[in-house]
Amino acid sequence: MILYRLIEHSSSPMDFGFSLQQNENGRLEKCFVDSSSLDSLSRVVTGPLTNPNDIWGAEVALRGLVFHDAIHVLHPSYQEHYYENVNSSPIISTPREQNTTNYDGIVDVLKSANRHDHISAIDWLFSFKDQETANNYIALHNYRRENLIKEGKGIGEDVVMWALHYELGRFEFVAKSTEEYFKEVCKKDDFLLNNFLRRIPIAGYATYFSDTAYRSYLHKMEKHNPNQFFKPIDKEWGEKSVSLLDYIVKIPMQPLLSIILNRASKRDNIPNEIIALRDEFSEARSQLWLHFDDAQLRTTTDAKVASKILNSIEQESKLVIPKSFLTEEPNFPFTFQFLKNIIMQRPSGLLKDVGICAKENGIFDFHFVNATKLLQNNLKDIDWSSLATKHFSESELKNITENEWSLYF
């Protein structure tokens, strides 16, 4: 199958896109997750894990599943006019990006998460059986196009009839196959990414994408999104995991995935543990997104209050990882600087040290983001030494540990 695009006419690809209804119920109700993330989570359950991307992808999928009441699985697609031969009538369809696993092993998880498939057409393409059919069709089209131009019906003129716009269009080669289009062309074209992705955050939906192209594009658009909760956690997690590598953490995992793997007695139990964790976070996720939405509502009336809410959420999430490892580290009630202040009789320094000690032990926490408390409690009791080895094969462990730190941190 050969794919072409018709340009310089009334339905150019830059004008073609899908509509998305505004998410009026807030972030807590629905989110968007990409297929690659769910594919990775599926491989965690059924195998085989292929590379470190599967660990990150599974984590991203879990964040959408655990922190939202419902998920939309995003499927990029295009409207297709397929020609078997030059003289045949077109077969109109909507091909979409195919996932690689059919989400084996997590079907029940997706059902519990109120999964919906969102097919989003972002382009209008012509496909031909083979290159010969494409060449013959385009040659015939160009012949008609040249005659119209000779008759004075130029491309720049105000022609009302769509048929004439179509006849005046010019064909442009796109890809040799549907797979190539979704893997290469779609993810490297800024105009298509704009058609495809910008509507999602604008409509008020949270996004959980592990696909590099999607994440890079949406990064510049994120506004009061889950990134403000998870980014500080990821930063602290990376620093702590690297410092404990080969000491406590043998094989790097991600926070939510670590909780699930630790809870599951065997690989087949992973889906049930995901469902249980979703239930456990039900009230906490509702509270978290209500805080974000509260901040958004206040931006037009009281920017200082909104800023304080968002900063509090970010500061609270920064405490998740340091506190999660407290049981793994020696706990000294006073620092050496504290003892030095006593010896040197420096009351001001002593008072400062007491304040730092109190803050580190949770006395001055915000206490209103329950999601952070649940994460802390679940991460404290993890058996890091056998976290991955009890579930994954030797070949899988080798696949996911190659250059893993350069990927995440």
Within the stretch 212-220, identify whether any single residue is touching a helix residue (DSSP H, G or I) at 6+ places or on another chain (Cβ under 8 Å) and modelled with pLDDT of 90 or more, and answer yes or no. yes
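Among the helices (runs of 4 or more DSSP H) lying completely within the stretch 356-409, list those that include at least 3 residues that are at pLDDT 80 or above. Explain how you work it out, then say what you get.
Working: elements: 370-380, 394-401, 404-408.
It comes to 370-380, 394-401.
For every residue, the table says whether it meets (1) basic (Lys, Arg); (2) modelled with pLDDT of 95 or more; (3) assigned to a helix (DSSP H, G or I); (4) crowded, with 20+ Cβ neighbours inside 10 Å.
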{"residue": "3", "(1), (2), (3), (4)": "no, yes, no, yes"}
{"residue": "14", "(1), (2), (3), (4)": "no, no, yes, no"}
{"residue": "22", "(1), (2), (3), (4)": "no, no, no, no"}
{"residue": "37", "(1), (2), (3), (4)": "no, yes, yes, yes"}
{"residue": "40", "(1), (2), (3), (4)": "no, yes, yes, yes"}
{"residue": "51", "(1), (2), (3), (4)": "no, no, no, no"}
{"residue": "65", "(1), (2), (3), (4)": "no, yes, yes, yes"}
{"residue": "76", "(1), (2), (3), (4)": "no, no, no, yes"}
{"residue": "80", "(1), (2), (3), (4)": "no, no, no, yes"}
Test: residue in the stretch 166-182 that is aliphatic (A, V, I, L, M), within 30 Å of residue 312 (Cα to Cα) and outside any loop (DSSP other than H, G, I, E, B): no
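From the list 286, 312, 258, 282, exactly one residue is over 20 Å from residue 206 (Cα atoms) and at pLDDT 70 or above. Which is it? Outline the logic, then answer.
Values: 286 fails: over 20 Å from residue 206 (Cα atoms); 312 fails: over 20 Å from residue 206 (Cα atoms); 282 fails: over 20 Å from residue 206 (Cα atoms).
Answer to the selection: 258.
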Going residue by residue through the stretch 209-218, is there one that turns out to be surrounded by 15 or more Cβ atoms within 10 Å (Cβ to Cβ) and farther than 16 Å from residue 76 by Cβ? no
State which residue is farthest from the chain's Cα centre (by Cα) when the search covers only the stretch 150-184 and only residues that are at pLDDT 80 or above, surrounded by 14 or more Cβ atoms within 10 Å (Cβ to Cβ) and not charged (D, E, K, R). 168
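The values are calculated or read from the model by the stated rules, or taken from the named source; none is laboratory data. Just so you know, these numbers come straight off a predicted model, no measurement behind them. Using ideal geometry, Cβ is built from the backbone for each residue, glycine included, and neighbour counts are taken over all protein chains shown.
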